[in-house]
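Comments concern the structure below.
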């Protein structure tokens, strides 16, 4: 992987992690076009995923600081209830990631045919949530957090957008758009870090930890993903608040058809 390829793929990861268009699907398409695979791709994927988590912490640092401060207080408060909802939302993805991730990948694979089908599914989900008119809810309940977490767990399939699934599900549940935007991005931080840790352990078990990727390419990809992630995270929060997601449904449909053609 040269520096240019790392730059493009890093920008793709940073932008698509938060936009409801599937980062895994776009990385698969990009890696296919560049002919990148194996351990080289795994090492790069870990680096850019960590970069996007850092971009979330930068953009939402006030919210993260608010939660940390509240958790340290001795009495039950809104912050602890919020963190409890995040923990509840993590249960499905934790179960899938720890016990069924390899089985899911073995059954569905990660080829462009699967990516294309899942992108089309993402498009349908976004379109449905755009036109649906559920009864509005003031707060995020543990039950709603669990349902959103189930949607996130389904997004282990390449091409099924993590942010698209969680945001669309939240909209269908009638959750306030501003609250949903904040919650959907905070809840993905632990799973992304956990996935990166599992992939790191998997890579370390092999003989070649870094693959053939140059350190400069890895650094360029990391910085590109971080900067693009900061921009996309801020932009997406504002878009969710305004409910302007139908354009992403159209984009996912086009990208899905392209993946099917390439596959």
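The values are calculated or read from the model by the stated rules, or taken from the named source; none is laboratory data. Keep in mind it's a predicted model, so treat the numbers as computed, not measured. All Cβ positions, glycine included, derive from the backbone under ideal geometry; neighbour counts span all protein chains shown.
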### Task
Say whether the condition of being over 20 Å from residue 229 (Cα atoms), in a helix (DSSP H, G or I) and under 15 Å from the mean Cα position of the chain (by Cα) is met by at least one residue in the stretch 189-206.
no
### Query
Out of 87, 50, 96, which single residue is modelled with pLDDT of 90 or more and either surrounded by 15 or more Cβ atoms within 10 Å (Cβ to Cβ) or under 22 Å from residue 142 (Cβ atoms) (or both)?
87
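Going by the conditions given, is residue 234 at pLDDT below 85, in contact with a helix residue (DSSP H, G or I) (Cβ under 8 Å, 6 or more places away or on another chain) and within 28 Å of residue 126 (Cβ to Cβ)? Explain how you work it out, then say what you get.
Working: at pLDDT below 85: no; in contact with a helix residue (DSSP H, G or I) (Cβ under 8 Å, 6 or more places away or on another chain): yes; within 28 Å of residue 126 (Cβ to Cβ): yes.
Spelling it out, it is not the case that residue 234 is at pLDDT below 85, in contact with a helix residue (DSSP H, G or I) (Cβ under 8 Å, 6 or more places away or on another chain) and within 28 Å of residue 126 (Cβ to Cβ).
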### Message
Looking at the stretch 127-145 only, could you name the residues that are buried (at least 20 other Cβ atoms within 10 Å of the Cβ) and more than 27 Å from residue 196 (Cα to Cα)?
### Response
129, 140
### Query
Residue check, residue 226 against (1) at pLDDT 85 or above; (2) surrounded by fewer than 23 Cβ atoms within 10 Å (Cβ to Cβ); (3) touching a helix residue (DSSP H, G or I) at 6+ places or on another chain (Cβ under 6 Å); (4) over 27 Å from residue 32 (Cβ atoms), all met but one. Which one?
(4)
#### Entry: Leading residue by the ranking (surrounded by the fewest Cβ atoms within 10 Å (Cβ to Cβ)) among those in the stretch 146-188 that are over 12 Å from the mean Cα position of the chain (by Cα), in a loop (DSSP other than H, G, I, E, B) and touching a residue at least 40 places away in the same chain (Cβ under 8 Å)
174
### Message
Looking at the stretch 207-220, I want the residues that are modelled with pLDDT under 75 and have a partner that is part of a loop (DSSP other than H, G, I, E, B) with Cβ atoms under 7 Å, at least 6 apart or on another chain. Which pairs are those?
### Response
213/1
